[in-house]
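This report concerns only the one structure given below.
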Amino acid sequence: MTSQSSNYPILCASFNQDLSGFAISTRDGFKIFDPNSGRVCYERAVGAFNIVEMLYSSSLLAIVGAGEQPSLSPRRLCLFNITTGTALRELNFLTSLLAVRLNRKRLVVVLQEKTYIYDSNSLAILDTIDTVPNIKGLCGFSPNLDGCFLALPASTTKGSVLLYNVMELQSHCEIDAHRAPLAAVTLSSNGMYIATASEQGTIVRVHLVLEATKSYSFRRGTYPSTIYSLSFAPSAQLPDILVAASSSAHHHVLHNAAPAGMKSYVVARKVDKVADTSSNEFIACRATLSVITFNGYFQEYIVNINNQNESKWSLEREFNLLTVLSGEEQQFQLV
């Protein structure tokens, strides 16, 4: 996720494919974190980056500069090895890169009106997708090789989404999800479901990818709101939880997780099925939600959802992403 405002200290934030690590960028450089300990695993202070994408927990990063230094062009993708501290390969483009997604077989580069598909190992170009103007660089990507799909906006006037099979290199279908243009899109990690929200931000819709049929609709609220991020919980089968970060939310809400209007990025890192042995109440699941706010904080919430679909949540810990030093195990502020 890239910040659209220069007022935030964090320019971009992204979790890796299995949610075991995350990266942030500021105007000074970028950091890689372990979300379990808060430790900075790697830090490089060489300037501002718009995109920092990890490949699972490997030493490979895909990074794109913010253009504030001549050497960090927003039109250049660098594949960077954090173990050796060297660039492995570079790809140059005619316009700025807006998003990058990757797994162990494919590399996806999103520009405003084109999307390129590469072989991750050889960097041979496999396909080029002409797209409608996608100025926000919206895209969804499922890294699972057995269900590897890419989702892109298919219209600038309504919320249509193109689904593309990245392994088979062919268009899968087009889904008309909303009347208003898309604001957010995500795919479950196994490629089974796609969730979308429009610029209205009142309804989140979930479709089954293979049949392109609508499965669920969730009403966030009555009044328009900006959806900053959507994310499914990791799951080998059906995802249990879909989380959204918005400027104002009303459904199964973590109220005031960030200041009003503050851009944030949220993922459900863990979901466990548990029972409460201290009472007769059965807890259907316990989810660990990680929130990155673009003013520079990491927060971890625990959400318990019972079999009546009622939820209780608590803020377990938080720390300042901007002050922790490389190699330092962060002392979380317990709440």
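The values are calculated or read from the model by the stated rules, or taken from the named source; none is laboratory data. This structure is a prediction, so every number in the text was calculated from the model and none was measured. Note that we place each Cβ from the backbone using ideal geometry, even for glycine, and neighbour counts take in every protein chain shown. When the accessible area is computed, the model is the full protein with side chains, heavy atoms only, and any ligands, DNA or RNA have been set aside. Shrake-Rupley method; radii C 1.70, N 1.55, O 1.52, S 1.80 Å.
Looking at the structure I just gave you, is I135 more than 21 Å from the chain's Cα centre (by Cα) and aliphatic (A, V, I, L, M)?
no
Of the residues V161, V166, which is more than 14 Å from V108 (Cα to Cα) and either of a type in the set (F, W, Y) or open to solvent by less than 30 Å² (accessible area, probe 1.4 Å) (or both)?
Exactly one residue qualifies, and that residue is V161.
Taking region 68-122 on its own, how many of its residues are part of a loop (DSSP other than H, G, I, E, B) and under 25 Å from P153 (Cα atoms)?
Looking only at that region, the number is 15.
From the list L61, L72, L98, L123, exactly one residue is open to solvent by less than 30 Å² (accessible area, probe 1.4 Å) and either under 20 Å from the mean Cα position of the chain (by Cα) or modelled with pLDDT under 95 (or both). Which is it?
L61
Name the residues in region 145-163 that are over 17 Å from the mean Cα position of the chain (by Cα), part of a loop (DSSP other than H, G, I, E, B) and not β-branched (V, I, T), would you?
Answer for region 145-163, where residues must be over 17 Å from the mean Cα position of the chain (by Cα), part of a loop (DSSP other than H, G, I, E, B) and not β-branched (V, I, T): A154, S155, K158.
Within region 250-286, restricting attention to residues that are farther than 21 Å from F218 by Cα, open to solvent by 40 Å² or more (accessible area, probe 1.4 Å) and assigned to a strand (DSSP E or B), which residue is modelled with the highest pLDDT?
Looking at residues that are farther than 21 Å from F218 by Cα, open to solvent by 40 Å² or more (accessible area, probe 1.4 Å) and assigned to a strand (DSSP E or B), I get K270.
Is it true that N50 is of a type outside the set (S, T, Y) and in a strand (DSSP E or B)?
The answer is yes for N50.
Which one of the conditions (1) more than 24 Å from T293 (Cα to Cα); (2) open to solvent by 20 Å² or more (accessible area, probe 1.4 Å); (3) in a strand (DSSP E or B) does A177 fail to meet, given that it meets all the rest?
So the condition that A177 fails would be (2).
Here's the yes/no breakdown for (1) open to solvent by 20 Å² or more (accessible area, probe 1.4 Å); (2) touching a Pro at 6+ places or on another chain (Cβ under 8 Å); (3) modelled with pLDDT under 95:
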site	(1), (2), (3)
C139	no, no, no
S142	no, no, no
A154	yes, no, no
S189	yes, yes, yes
T196	no, no, no
E199	yes, yes, yes
I203	yes, no, yes
K214	yes, no, yes
S229	no, no, yes
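What about V110, is it closer than 24 Å to S198 by Cα, out of contact with any Pro (no Cβ under 9 Å at 6 or more places or on another chain), at pLDDT 95 or above and crowded, with 21+ Cβ neighbours inside 10 Å?
Yes, satisfied.
So H178 clears everything in (1) under 22 Å from V266 (Cβ atoms); (2) in contact with a His (Cβ under 9 Å, 6 or more places away or on another chain) except one condition, right? Which one?
The one condition H178 does not meet is (2).
Are there strands (runs of 3 or more DSSP E) fully within region 197-244 with at least 2 residues that are touching a Phe, Trp or Tyr at 6+ places or on another chain (Cβ under 8 Å)? List them.
Strands (runs of 3 or more DSSP E) meeting the threshold: 203-208, 227-232.
Let's see how each residue does on (1) among the β-branched types (V, I, T); (2) in contact with a helix residue (DSSP H, G or I) (Cβ under 6 Å, 6 or more places away or on another chain); (3) touching a residue at least 60 places away in the same chain (Cβ under 8 Å); (4) farther than 30 Å from L88 by Cα:
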site	(1), (2), (3), (4)
L123	no, no, no, no
M167	no, no, yes, no
A195	no, no, no, yes
Q200	no, no, no, yes
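Tell me whether region 232-241 contains one or more residues that are of a type outside the set (D, E), touching a Gly at 6+ places or on another chain (Cβ under 9 Å) and modelled with pLDDT of 90 or more.
No, there is no match, as no residue in region 232-241 is of a type outside the set (D, E), touching a Gly at 6+ places or on another chain (Cβ under 9 Å) and modelled with pLDDT of 90 or more.
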